[in-house]
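Here the structure comes first, spelled out in structure tokens, and everything after it is commentary.
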DNA sequence: GTGGATTGCTTGCATTTTACAAGTGGCGGC
DNA sequence: GCCGCCACTTGTAAAATGCAAGCAATCCAC
């Protein structure tokens with residue numbers, strides 16, 4: 001059963017997925033190559049661990065992120081963007097570009113990791 | 001005095017402005033030519049009036065929206081995007097495009113009003 | 001110029017979400 | 001076994017949101 005959406009508007013539906021202060025920051029970190037829970041916690045915005053766990057679950061349930069067994073850190077949880085999740089990167093970039101152009105004091109520091 | 005930001009990351013700073021479920025819907029409605037309080041209320045997502053008033057205030061204080069005296073409806077409040085506000089339209093479009101491509105059941109119905 | 005409708009909010013309160021701190025269970029190394 | 005790290009979960013306080021009602025200022029017909 002699909003939960004009822006607010007409207008058929010694509011903007012409203014996207015906001016129901018990524019319309020909060022944390023989800024896109026996790027996607028940013030994933031795009032930058034971070035994969036472990038503690039790495040997301042270590043980002044300068046200091047997301048609370050319960051919020052992080054909740055957002056990761058939601059991203060996985062939306063098919064934007066997947067868990068996998070890391071080779072680099074065997075036995076640890078790891079997360080990465082799915083192919084669908086990667087399609088959000090142009091959205092993320094347009095947001096970052098707007099911030100760089102219109103909010104003073106912002107600076108780009110992250111590079112999107114190679115596919 | 002500027003309120004402290006979470007980080008100098010442009011993504012985080014933009015989310016502090018538009019990172020919620022309502023702000024971009026108001027910008028969508030403004031882009032579609034709506035200008036009156038009641039018109040935003042009438043959108044299918046049914047924003048609460050206190051939230052709408054709060055978001056309009058925040059948008060005005062961020063310089064993205066301005067009040068003006070309407071010619072069409074004299075004596076009534078009216079809102080419109082500022083030039084800075086219009087620079088958000090590419091962001092809005094990238095979000096709408098993503099929704100159309102990746103969320104089933106969404107449909108584009110609004111046309112951006114002419115400048 | 002008075003009554004009623006409309007507009008643009010504000011207020012009060014219940015519900016939901018978020019923030020912060022602390023705690024728990026699993027695993028690996030020693 | 002014991003220690004520490006990691007990935008969460010839980011408890012609780014604070015904040016944001018949702019909902020309904022109310023209210024002052026127009027507008028408009030009559």
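Taken together, the values in this text are just the output of simple stated rules run on the coordinates, not laboratory data. Remember, it's a predicted structure, so these values are computed and weren't measured experimentally. Counting neighbours? That spans all protein chains shown, and the Cβs are built from the backbone with ideal geometry, glycine included.
GNM, chain A, Cα, under 10 Å: largest mean-square fluctuation among A:11, A:65, A:91?
Per the Cα network of chain A with a 10 Å cutoff, A:11 tops the list.
Given R₀ = 41 Å, FRET efficiency for residue B:6-residue B:104 by Cβ-Cβ distance, to 0.05?
The pair residue B:6/residue B:104 has a calculated efficiency of 0.75.
Let me know the mean shielding of B:85-98 by other chains, meaning the per-residue number of their Cβ atoms within 10 Å of its Cβ.
Taking all residues of B:85-98 together, the mean is 5.
Can you list, shortest first and in nm, the gaps between the label point of residue A:63 and those of its counterparts in the other copies, using a point 7 Å from Cα in the C-beta direction?
Result for residue A:63, in nm, nearest copy first: 4.2.
List the relative contact order of region B:38-115 as a percent without decimals, with contacts defined as Cα pairs under 8 Å and 6+ residues apart.
This gives 15 percent for region B:38-115.
Could you list log10 I(q)/I(0) for the protein assembly as shown at q = 0.11, 0.13, 0.14 Å⁻¹, which the Debye formula gives when each Cα is one point scatterer?
-0.59, -0.81, -0.93
For a label point 7 angstrom out from the Cα of residue A:89 toward its Cβ, which stretches of region A:52-70 have the backbone nitrogen within less than 12 Å?
none
Taking each label point as 7 Å beyond Cα in the direction of the beta carbon, state the distances from residue B:6 to the same residue in the other copies, shortest first, in nm.
1.8
Which residue is it, in chain B, that holds its beta carbon closest to the axis of the B-onto-A rotation, and how many whole angstrom away?
Closest to the axis: B:94, 2.
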